[in-house]
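Visitor: I have a structure I would like to understand better, so I am pasting it below and will then ask my questions one at a time.
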Amino acid sequence: MSKRKLSRQQAWRIEKIQEERAKRAARSDAAAEQALTGGELGPEREGLVVAHYGTQVAVESEPGKSQRCHLRANLQGLVTGDRVVWCEGDPVGVVVAQLERESVLSRPDPYGKLKPVAANIDQIILVIAPLPEPHANLIDRYLVAAETVDIEPVILLNKIDLLDGDRALQQRMDELLAIYPTLGYRVLRTTIKHGALEELHAALRERVSVFVGQSGVGKSSLINVLLPEADLRVGALSESTQKGIHTTTTAQLFHLSGGGSLIDSPGIREFGLWHMTREQVERGFREISPLLGSCKFRDCQHQQEPGCAILQAVESGEISEGRMESYRRIVASLDEV
Ligand SMILES: Nc1nc2c(ncn2[C@@H]2O[C@H](COP(=O)(O)OP(=O)(O)OP(=O)(O)O)[C@@H](O)[C@H]2O)c(=O)[nH]1
Ligand SMILES: [Mg+2]
Ligand SMILES: [Zn+2]
């Protein structure tokens, strides 16, 4: 379980929510069974889950044409991007089976339980902004998660219009991002206020990408510029906290005119990696990973052990102090430690 301790009231509330969810899932399951035995359905065919609504999903048979579907109880774990076998119905269809996933991006919910976010993606676009300011280690946490599932990450700094005329903020952002291109990660800069999004368009072409990141960084706003017909809801930052207000509540997939598709996802509060092991985190740091196994001691924790290959690399400047500090912080946050 996660390090987070729940108060009794929180625990009670979660239990209630789960009971309610289970009830709704049972109802959806019953509706699915009824539709399947009622014989009012179209033939079985393949489709793509383009959105998830509680206990139902929207399934698309051809681009732009989708229908809501009931889910059987064993398919409640479906997410946007999943490929399925389904039958059209009137007015609601039924998903019959889930096809194999090529990839899945998961994240822990606020209570430490791992939840899939999107499936069959080949690119994760981590969107950050000068405001709301990125949480400490947020970028590295996402990069570790992306490396672990072997999906290419791209870092996207949005709202660069806010940097105009603010040298200090500009410098802070430049310092935050400087390391990543040297590690081979792509960094894009965008704004919805002016100019085109050509570089972003090009990065998205012919790929299945998902926008992830904190609430309020402008994920849905960017999609509205890329695809005006998407017409997604966007929400101003809270005036008191200057943070996002969690406007997007469900992951939704859109097809891009130049080929490829893009999934919008709900913003996060915090990106915990509590569920990971120290070995996974080590391998998730591109510059640490090749040195693993070169330390003098097999169980080296890279703290202050003699003959530590990683500390030597920090010393020589091959690994940046900042990334090493980030590694330490993430390891310290793991459940197993
Ligand atoms: N100045 C500026 N504001 C932006 C830009 N992009 C988005 N915003 C504003 O940022 C706020 C949040 O935008 P959203 O698109 O709702 O953010 P989101 O990342 O989808 O947030 P969640 O759905 O909560 O995860 C809105 O008030 C947008 O108008 C930008 O490039 N520059
Ligand atoms: Mg949004
Ligand atoms: Zn070591």
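Visitor: Can you work out the Karplus-derived ³J(HN,Hα) for every residue in the range 136-148? Use 6.51 cos²θ - 1.76 cosθ + 1.60 with θ = phi - 60°, whole Hz, and x for glycine or proline.
Guide: So the Karplus estimates, Gly and Pro as x, are 4, 6, 4, 4, 5, 4, 5, 5, 4, 4, 5, 5, 5 Hz.
Visitor: Quick check: net charge around ALA136, other residues with Cβ under 11 Å of its Cβ, Lys/Arg +1 and Asp/Glu -1?
Guide: -2
Visitor: State, to one decimal in nm², a quarter of the convex hull surface area for the C-alpha atoms of the range 1-120, i.e. the direction-averaged projected area.
Guide: Projected over every direction and averaged, the Cα hull of the range 1-120 covers 8.1 nm².
Visitor: Right, next: Length gain on complete extension for the stretch ARG45 to ALA196, per 0.36 nm per residue less the alpha carbon to alpha carbon distance?
Guide: Length gained, ARG45 through ALA196: 50.5 nm.
Visitor: Residue-wise, which Karplus ³J(HN,Hα) couplings in Hz belong to the range 210-224, taking 6.51 cos²θ - 1.76 cosθ + 1.60, θ = phi - 60°, and x for glycine or proline?
Guide: After applying 6.51 cos²θ - 1.76 cosθ + 1.60, I find 10, 8, 10, x, 4, 5, x, 7, x, 4, 5, 4, 5, 5, 5 Hz.
Visitor: Can you give me the distance in nm between label points at ILE17 and VAL85, each placed 7 Å from the Cα along the Cα-to-Cβ direction?
Guide: Calculated label separation equals 3.5 nm.
Visitor: Where does each of TRP86, TRP12, TRP274 land when they are ordered by accessible area, with a 1.4 Å probe and the largest first?
Guide: TRP12, TRP274, TRP86
Visitor: By a straight-distance test (C-alpha under 13 Å), which aspartates and glutamates pair with LYS113 as possible cross-link partners, with residues fewer than eight away in the same chain excluded?
Guide: Straight-line reach from LYS113, under 13 Å: ASP335.
Visitor: Rounding to the nearest 10 and keeping the result within 0 to 90°, find how far the Cα-based axis of helix 321-332 lies from the longest principal axis of the chain.
Guide: Once rounded, the angle reads 50 degrees.
Visitor: Among ILE160, ILE179, ILE14, which one moves the most in a GNM of the chain with springs linking Cα atoms closer than 10 Å?
Guide: ILE14
Visitor: Determine ³J(HN,Hα), in whole Hz, for all residues of the range 22-30 in sequence, where each value follows from phi through the Karplus function 6.51 cos²θ - 1.76 cosθ + 1.60 and θ = phi - 60°; x replaces Gly and Pro.
Guide: Using θ = phi - 60°, the values come out as 4, 5, 5, 4, 5, 5, 5, 4, 4 Hz.
Visitor: Tell me what the chain gives for mean residue ellipticity at 222 nm when only DSSP H runs of n ≥ 4 count, each as -39,500 (n - 2.57), the sum divided by the residue total, rounded to 500 deg cm²/dmol. It would help to have the intermediate numbers written out before the result.
Guide: Values: 9 runs with 99 residues, N = 337.
Per the formula, -9000 deg cm²/dmol.
Visitor: Another question about this same structure. Determine how many Å³ per residue the convex hull of the Cα atoms of the chain encloses.
Guide: Per-residue hull volume (Cα only) is 158 Å³.
Visitor: If the cut-off is a Cα-Cα distance under 15 Å, which aspartates and glutamates reach LYS296, setting aside same-chain residues fewer than 8 apart in sequence?
Guide: GLU305
Visitor: Hey, got the dipole for the range 256-337? About the Cα centre, +1 on K and R Cβ, -1 on D and E Cβ, debye to the nearest 20?
Guide: Dipole of the range 256-337, to the nearest 20 debye: 80 debye.
Visitor: Among GLN123, GLN252, GLN170, determine the one that fluctuates most according to a GNM of the chain built with springs between C-alpha atoms less than 10 Å apart.
Guide: Between GLN123, GLN252, GLN170, it is GLN170 that shows the largest mean-square fluctuation.
The values are calculated or read from the model by the stated rules, or taken from the named source; none is laboratory data. Just so we're clear, the structure is a prediction, and the values are computed from it rather than from any experiment. Cβ atoms come from the backbone with ideal geometry, glycine included; neighbour counts cover every protein chain shown. Side chains are part of the model used for accessible areas, which takes the heavy atoms of the whole protein and leaves out ligands, DNA and RNA. Shrake-Rupley method; radii C 1.70, N 1.55, O 1.52, S 1.80 Å.
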